[in-house]
Amino acid sequence: MEYPYEGSRPRRQFAGLFDINKCIACQTCSLACKTTWTSGRGQEYMFWNNVESKPRGFYPLGYDVNILNLLGEQAWSGQRYEGRTIFEAVPEGERVLGWRPAEEDYAHPNLGEDEIHGSIERGKALSLPQENWMFYLMRTCNHCTYPGCLASCPRGSIYKRAEDGVVLIDQERCRGYQECVRGCPYKKVYFNPCTGTSEKCVGCYPKMEQGEVSQCFAACIGKVRLQGWVSQPAQAREDNPVDYLVHVRKMALPYMPQLGTEPNMFYVPPIHVPDAFLVQLFGPNAPAAVRQYREAKDDPVLRGLFALFGSTDKIISRFQVANEVAVAWDDQGRELVRVPAREPVFTRPAVDRLYQIRRQNTT
Amino acid sequence: MSTTDDNTLPRRAALALAAVAAAACRPKRVLHLDHVLVKRAAGALPLKDPGAEAWADAPEHEATLSAQRVAPPMLQEPGIPKVRVRGLHDGTWLALRLEWDDRSKSALYGPSIFPDAAAVQFPRGEGAAPSVMMGHPGGPVRILYWKAAWQTDDMLTALHPNRPPTHYPYEVATGEHRATMEREYAPARFVHNPNVERPNNAPVLLAEAEMFGSLTALPDGRTDGKGVHENGRWRVVLATTLEMLQGSARPGRDGSVAFAVWDGAGKNAGARKMRSDNWARLVVEA
Ligand code: SF4
Ligand code: SF4
């Protein structure tokens, strides 16, 4: 791949795992981020973390279809991508292949929310040229290994931290040319009109330095997320939860890997979505990942690992599942949490005789 | 004795008045030069008045600009092709007034919204001029930079005049608490980014560069100036002290100067600019 700088991997790379199937689009993650980092003047429209309803939701409008369209049809050969990335398909005079959203493209942060179609009341049907499925996609900056934002800044104002792989914009050097907004295919850099500089997700690095997970991970009430460290495939460790799902089981997949930035957020794809769409978004391993997920209930390790999602506010470096119990440790070897691999089910009677009340089923 | 109406006193007075009026209306003869002559001003420098009478006395140099197409990201569509330059100094301050035609005034910042801007470049110090493309390693240049957005006080209201009032907790916080919050919600302000904070609060910045992409603001750079958009054209004064130019512009000596203009409506920003291909001769009147 042709990246404008020599490859230089961080000493370790922070990563996120997301189980799309469990997200309820409550947007707690988006708000946790917003109150922490983007409640200032000029940051109103910024959602460093956003959750959009796919396939018709985008933030900003059409960011993914636009870049895929610009890139044009490209080829996979089995699991190997043989097409061009945004670093090879560079137009004359540009640093990367990109485009920049207009202000109005940010006008509807949750456009197409829950949009789906099917029959509506009394047999009347609203017919649209779309199929009967949707899912929620939670998105933060991918803290890419080959960041499009970093490659496109002519001033070298963007850097990737060696200690954790977090990609940051130097707020002193940035001069607000918005080249990074153009160059990030995921549109995770936002321009602040009041400071004249571009801003992006900082991975909550002050928390990370303390071994704690980022705000959007900590706040997730759907227990969709797990934060950890991803290794290179050759160094993958089976007891590292991220490595296990990404490299060993190949169930957690990067989003639009064909763009070439090597994103470090990994998604367990939704199980009810046509393969063609999943392959376009998550690459050729998506259908196999869905098959494994469907069978995860019979797999003690997977069951235990998924039970660890959202179970601790600390970053998990190592895990183990034995005797239906999943245990997680931090990188100092301290035990963080232990959870049953199969969540027990409690059935509560509809009438509580002790308190003389009836219980409502609200779900 | 014959008298005609033509010779009546009122008629003669009218003729005299007409002559005075005609002289006042006749455009002053503008001296066009192939170099930039910075005249020694008789009175105070009109640093904040690009339309001041004093500018009319200075000769004009028309600089041709071309699209930056040397290093990516390049300017894909040509922008402002020419800029007219006049110069004045008072022995301490040096001011250049740039004037160019631009029917659309762009003074806002926003997502994909760019302000008009202009820059004047000088070699730093004496000796041979470095690369005109923002200098070269070991051959620094000093750059005076003006952005229309730096003259817009309340950017959000300018962008969205009908927006409802919003409460920003950190703006009402005080002391240490405010600093902590500013760090999170306005990091560029917290680190004094020159886009937010400039010495003297002028809309002009003094910076130094040694090649493309290396522009660095000088925190103690003394600058002044102002831009006014009127009748489809910008007139912008960019000024600094002769001392700040470190010998590259001295009364009685020849130097070099180059220009760049960004058209906000054409999404010009950073390296996507119109700029001088060659240095122009700079003569600072003794
Ligand atoms: S997702 Fe975008 S902003 Fe984040 S590192 Fe990758 S290219 Fe940069
Ligand atoms: S907090 Fe969790 S469940 Fe809620 S929207 Fe975000 S990712 Fe989904």
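The values are calculated or read from the model by the stated rules, or taken from the named source; none is laboratory data. Note that the structure is a prediction, hence the values are computed from the model and not measured. Glycine also receives a Cβ, built like all others from the backbone with ideal geometry; neighbour counts cover every protein chain displayed. SASA here: full protein model, heavy atoms, side chains in, ligands and nucleic acids out. Shrake-Rupley method; radii C 1.70, N 1.55, O 1.52, S 1.80 Å.
Observations, loosely collected:
- Test: residue in the stretch A:257-271 that is open to solvent by 40 Å² or more (accessible area, probe 1.4 Å) and over 28 Å from residue A:8 (Cα atoms): yes
- Of note, residue B:141 does not satisfy the criterion of being open to solvent by 10 Å² or more (accessible area, probe 1.4 Å), among the β-branched types (Val, Ile, Thr) and closer than 17 Å to residue B:214 by Cβ.
- Among (1) touching a residue at least 60 places away in the same chain (Cβ under 8 Å); (2) open to solvent by less than 30 Å² (accessible area, probe 1.4 Å); (3) touching a strand residue (DSSP E or B) at 6+ places or on another chain (Cβ under 6 Å), the one test that residue A:239 misses: (2)
- Verdict on residue B:145 being at pLDDT 95 or above, out of contact with any Cys (no Cβ under 9 Å at 6 or more places or on another chain) and within 14 Å of chain A (Cβ to nearest Cβ): yes
- Candidates A:203, A:176, A:211, filtered to the one that is at positive phi, within 13 Å of ligand 1 (Cβ to nearest atom) and modelled with pLDDT of 95 or more: A:203
- Options A:104, A:94; residue that is of a type in the set (D, E, K, R), within 16 Å of ligand 1 (Cβ to nearest atom), closer than 28 Å to residue B:109 by Cβ and within 14 Å of chain B (Cβ to nearest Cβ): A:94
- Across the stretch A:187-210, the qualifying residues are those that are open to solvent by 30 Å² or more (accessible area, probe 1.4 Å) and away from chain B (no Cβ under 11 Å), and the one among them that is farthest from residue B:71 (Cα to Cα) is A:210.
- If you go through the stretch A:19-61 and keep only what is more than 14 Å from chain B (Cβ to nearest Cβ), assigned to a loop (DSSP other than H, G, I, E, B) and open to solvent by 10 Å² or more (accessible area, probe 1.4 Å), you end up with A:23, A:24, A:25, A:26, A:27, A:55, A:56, A:58.
- Residue that is nearest to the other protein chains (Cβ to nearest Cβ) [pool: residues in the stretch A:69-90 that are open to solvent by 30 Å² or more (accessible area, probe 1.4 Å) and under 30 Å from residue A:29 (Cβ atoms)]: A:70
- Given (1) touching a residue at least 40 places away in the same chain (Cβ under 8 Å); (2) touching a helix residue (DSSP H, G or I) at 6+ places or on another chain (Cβ under 9 Å); (3) more than 16 Å from ligand 2 (Cβ to nearest atom), number of the condition residue A:208 does not satisfy: (2)
- Considering A:184, A:153, the condition of being within 11 Å of chain B (Cβ to nearest Cβ), touching a helix residue (DSSP H, G or I) at 6+ places or on another chain (Cβ under 6 Å) and open to solvent by 10 Å² or more (accessible area, probe 1.4 Å) is satisfied by A:153 alone.
- Restricting attention to the stretch A:291-319, the residues that are assigned to a loop (DSSP other than H, G, I, E, B) and open to solvent by 50 Å² or more (accessible area, probe 1.4 Å) add up to 2.
- In the condition set (1) more than 18 Å from the chain's Cα centre (by Cα); (2) more than 28 Å from residue A:194 (Cβ to Cβ); (3) of a type in the set (S, T, N, Q), residue B:121 is compliant with all but (1).
- You will find that of A:292, A:280, the residue that is closer than 20 Å to residue A:188 by Cβ and of a type outside the set (Ser, Thr, Tyr) is A:280 and no other.
- Residue in the stretch A:100-119 that is open to solvent by 70 Å² or more (accessible area, probe 1.4 Å), under 24 Å from the mean Cα position of the chain (by Cα) and among the aliphatic types (A, V, I, L, M) present: yes
Yes/no matrix, rows are residues, columns are (1) out of contact with any helix residue (DSSP H, G or I) (no Cβ under 8 Å at 6 or more places or on another chain); (2) surrounded by 14 or more Cβ atoms within 10 Å (Cβ to Cβ); (3) at pLDDT 95 or above:
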| site | (1), (2), (3) |
| --- | --- |
| A:278 | no, yes, yes |
| A:284 | yes, yes, yes |
| A:321 | no, yes, yes |
| A:340 | no, no, yes |
| A:344 | yes, no, no |
| A:352 | yes, no, no |
| A:356 | yes, no, no |
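- Only one entry of A:41, A:80, A:84 meets the criterion of being over 20 Å from the mean Cα position of the chain (by Cα) and closer than 29 Å to residue A:196 by Cα, and that entry is A:41.
- Residue, nearest to residue B:124 (Cα to Cα), within the stretch B:203-233, restricted to residues that are of a type in the set (A, V, I, L, M, F, W, C), part of a strand (DSSP E or B) and open to solvent by 10 Å² or more (accessible area, probe 1.4 Å): B:217
- Of all residues making up the stretch B:148-158, the number that are within 8 Å of another protein chain (Cβ to nearest Cβ) and under 23 Å from the mean Cα position of the chain (by Cα): 2
- Looking only at the stretch B:167-197, and only at residues there that are out of contact with any helix residue (DSSP H, G or I) (no Cβ under 8 Å at 6 or more places or on another chain) and assigned to a loop (DSSP other than H, G, I, E, B), the one that is farthest from the other protein chains (Cβ to nearest Cβ): B:174
- Elements of type strands (runs of 3 or more DSSP E) contained in the stretch B:20-130, each with 3 or more residues being more than 14 Å from chain A (Cβ to nearest Cβ) and surrounded by 22 or more Cβ atoms within 10 Å (Cβ to Cβ): B:82-89, B:93-101, B:117-123
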